[in-house]
Structure formats: structure tokens, C-alpha cells
Amino acid sequence: MTDRRVNRTKRQIKKALINLLSKKDLSRITVSEITELADIGRGTFYTHYQDIYDLYHSLINELAKDLLNIFSKYYSQATKDNNFIPLFRALSDYISTQQDILTMLASKQNSELTISYLQDRFKHELVNYDNSNGLEQIIGNIYGVAGIFWIFIDWLQGKIKASPEELGEAIGKFANKYWVMD
């Protein structure tokens, strides 16, 4: 069991990073800025993270883990019933609860690194590259993962006007019609 103080310190560090990311690009953030905002010493930072990129990936990994857990919870039933609406409603609901952090991570200055990393995590979990289901299936799955990410990014950036429920339902209906998973 992890010590509560360790968890609290990690939350402070991540909160400081999120605060700084809302103001500038990841490559311009220093450990000193993070430790000052988190009110910790540099040694404490390095006890938990190797560098700023390690911290950033830890933050993204938490989000990816949560998203993948939701996906895992609903995916098998969605493919069995050919009804993806509950899956995408759950994903939309989660994303809406994390909207502030995800919007900041998807901002122009941070989006390339974040989106690429998250897409790779999802492709690793969802795309079977062994070709046993055919090349079209592989291409469809990659296309689906990429497309869904960009739909959520556009929604977070306010380009798509919909409630989480409306968005989840619309993506689910689209997936029901066109996204045949293995």
C-alpha cells in the first residue's frame, strides 16, 4: 500500500505540471518551476520522477489507464451485441469529468505529443497486427482509433457542440454501423 503522503506529493507535483502546461509548452517547463509551485524540494521531485518527461508520461499513463479500463469494461459486450453506444457514452462521460486536464493536454502546444502517445497506447491494446483477420480489419481498427481520438479532441476544443451523452450516442451509432471489430 502506497503511503498517503507519497500520493499527496505526487498529486501536488502533477497539479503543478498541469498548471504550468496551461501557460507554456512542456519543453519550456523546468523542474525548479514545478518544485516551487508544488512547494517541494528538487530531491523530492527526483525521488518520484526521472525528469519532466517522466512526470508527463506518468500523467498521460494514468489517463490512458482509466480510458482503457472503461474500454475493457464495455468492449466485449459492445462487440457481442453490436451496440457501441454504452461504451462511447462511458468514454464521453469520463472525458467530460477530465475535461480541464484533457483540454490543456490537447491544446496546440501540447497536442502532438499527447495524442500520439495516447493513440499508440490504444493501438497497442486494440489492434491485432497478425493479419489473421485480414488487412482491412487492421486498417479499419487503426482508422477507428485515430478518428475517435480526433472527434474527442475537436469536442474538447469546442468545435463539436454536444453534451457528453449526445456525443457518446452519436459515436456509438456510427460505430454500430461502420466499425466491425474482431
For Lys177, counting only lysines whose alpha-carbon sits under 16 Å away and dropping same-chain residues fewer than eight positions off, the answer is Lys80
Partner aspartates and glutamates whose C-alpha sits under 17 Å from that of Lys123, ignoring same-chain residues fewer than 8 away, are Glu62, Asp66, Glu112, Glu136, Asp182
Rounded to a whole %, the carbon-and-sulfur portion of the accessible area of the chain at a 1.4 Å probe is 51
To the nearest 20 debye, the chain has a Cα-centred charge dipole, built from +1 on Lys and Arg Cβ and -1 on Asp and Glu Cβ, of 480
For Lys15, the lysines lying under 21 Å Cα to Cα, once residues fewer than eight places off in the same chain are dropped, come out as Lys23, Lys24, Lys65, Lys108
Relative contact order as a percentage, the chain, C-alpha pairs under 8 Å and 6+ apart, gives 25
For semi-axes √(5λ) of the Cα gyration tensor in Å, with candidates (1) 44, 19, 14; (2) 34, 18, 12; (3) 33, 17, 15, the value calculated from the shown model is option (3)
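Find the accessible area per residue for the chain; the probe is 1.4 Å, ligands and nucleic acids are left out, and the unit is Å². Please list the in-between numbers first.
Values: 10630 Å² over 182 residues.
On a per-residue basis, 58 Å².
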Using a 1.4 Å probe on heavy atoms of the protein chains only, the accessible area for Asp154 in Å², nearest 10, reads 50
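The values are calculated or read from the model by the stated rules, or taken from the named source; none is laboratory data. Everything quoted here is computed from the prediction, not taken from an experiment. Glycine gets a Cβ as well: all are built from the backbone with ideal geometry, and neighbour counts include every protein chain shown. The accessibility values were calculated without ligands, DNA or RNA, using every heavy atom of the protein model including side chains. Shrake-Rupley method; radii C 1.70, N 1.55, O 1.52, S 1.80 Å.
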